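Report on the following structure.
The values are calculated or read from the model by the stated rules, or taken from the named source; none is laboratory data. Everything numeric here is computed off the predicted structure, so don't read it as measured data. Cβ atoms come from the backbone with ideal geometry, glycine included; neighbour counts cover every protein chain shown. With ligands, DNA and RNA removed, areas are computed over all heavy atoms of the protein, side chains included. Shrake-Rupley method; radii C 1.70, N 1.55, O 1.52, S 1.80 Å.
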Amino acid sequence: MCGRFTSTATPEELMRRFGVIITENLRPRWNVAPSQSATVIIRDGLHTEAISAKWGLRHAGSNKSMLINARMETANEKPTFSGAFLHSRCIVVASGWYEWSAPKTPWHFQLCDGGAIAFGGLLFGPPEQQRFVIMTTRAEAGFAAIHHRAPLVLAFNDFDAWVGSDVSAAVALLRPTPATWFNWYRVGSEVGKVSQDHPALVTPLTEETS
């Protein structure tokens, strides 16, 4: 996963999909980038809520590079991620994501029904400074033609297991995301600019505009 996603669901859709109540307005995001804030869903005991957290962890001793993804194959073992995998898994709310194939060709991926997506995520830090990373899997056939990794996308029936206290149930969800859940298409290169955040970024690129 190359590091950009969309998050355009309304509070009403988040209530339907995840059972969380959001009273404030949510600004649609068409180009969420590392270090920016996004909506994540957490479980505190029996209470599920949506919060805002920033995407990415700083590398120790570095002011520039960030860890934005955690590989599902090693996240529950690596010291950087294992504590969060045990105690603070979260759902990162998205509507789609961008991936680049060579040479620098961007694509947009979305569920076939166009609805909200639940990325498996890990949450770090105290309440006032919380950050997250997105879990990734090896890419299934179809996805693999674009990139060798894909985000870990949770099925509707798996939401509770991912944010719950049963670690073994979460481990069972570490499997490649089915490409059959999604459609994808080429989009314009403007998505590569962090400053751009508008609906036209997800407009399919036609032969006339390519």
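Cβ-Cβ below 7 Å, separation at least six or inter-chain, first residue in the range 137-151 and farther than 15 Å from TRP97 by Cα, second open to solvent by less than 40 Å² (accessible area, probe 1.4 Å) and assigned to a strand (DSSP E or B): which pairs?
The qualifying pairs are ARG138/ARG149.
Pairs needed: first member in the range 67-93, open to solvent by 40 Å² or more (accessible area, probe 1.4 Å); second member anywhere, part of a helix (DSSP H, G or I) and not hydroxyl-bearing (Ser, Thr, Tyr); C-beta distance under 6 Å; at least 6 residues apart or different chains.
Within 6 Å, the pairs are ASN76/PHE85; LEU86/VAL167.
Where the second residue is open to solvent by less than 50 Å² (accessible area, probe 1.4 Å) and in a loop (DSSP other than H, G, I, E, B) and the first is without any contact (Cβ under 8 Å) to a residue 24 or more places away in the chain and lies in the range 100-117, which pairs have Cβ atoms under 9 Å and are six or more apart or on separate chains?
Partner pairs satisfying both residue conditions: GLY114/SER95.
Within the range 124-138, can one find any residue that is crowded, with 16+ Cβ neighbours inside 10 Å, in contact with a Lys or Arg (Cβ under 8 Å, 6 or more places away or on another chain) and modelled with pLDDT under 95?
no
So if I check each of ALA170, ALA150, ALA161, ALA145, which one is touching a Phe, Trp or Tyr at 6+ places or on another chain (Cβ under 9 Å), over 16 Å from GLY3 (Cβ atoms) and small (Gly, Ala, Ser)?
ALA170
Give me a count of the residues in the range 78-121 that are of a type outside the set (Phe, Trp, Tyr), assigned to a strand (DSSP E or B) and under 11 Å from the mean Cα position of the chain (by Cα).
Looking only at that region, the number is 10.
Which of the residues belonging to the range 153-167 are touching a strand residue (DSSP E or B) at 6+ places or on another chain (Cβ under 9 Å) and among the charged types (D, E, K, R)?
ASP158, ASP160
Mind listing whichever residues of the range 71-106 are farther than 27 Å from GLY45 by Cβ and of a type in the set (A, V, I, L, M)?
Of everything in the range 71-106, just one residue is farther than 27 Å from GLY45 by Cβ and of a type in the set (A, V, I, L, M), namely ALA102.
With the checklist (1) within 24 Å of MET66 (Cα to Cα); (2) part of a helix (DSSP H, G or I); (3) touching a residue at least 40 places away in the same chain (Cβ under 8 Å) in hand, flag the one item PHE159 doesn't pass.
Against the list (1) within 24 Å of MET66 (Cα to Cα); (2) part of a helix (DSSP H, G or I); (3) touching a residue at least 40 places away in the same chain (Cβ under 8 Å), PHE159 comes up short only on (1).
Anything in the range 152-170 that is surrounded by 12 or more Cβ atoms within 10 Å (Cβ to Cβ), within 19 Å of the chain's Cα centre (by Cα) and closer than 24 Å to GLU140 by Cα? List them, or say none.
Result: LEU152, VAL153, LEU154, ALA155, ASP158, PHE159, ALA161, TRP162, ALA170.
So in the range 8-26, with the set limited to residues that are within 16 Å of PHE159 (Cα to Cα) and assigned to a helix (DSSP H, G or I), which one is most open to solvent (accessible area, probe 1.4 Å)?
Of everything passing the filter in the range 8-26, ARG16 is most open to solvent (accessible area, probe 1.4 Å).
So which residues in the range 16-61 are basic (Lys, Arg) and within 26 Å of VAL191 (Cα to Cα), if there are any at all?
First, the residues of the range 16-61 that are basic (Lys, Arg): 16-17, 27, 29, 43, 54, 58.
Matches in the range 16-61: ARG27, ARG29, LYS54, ARG58.
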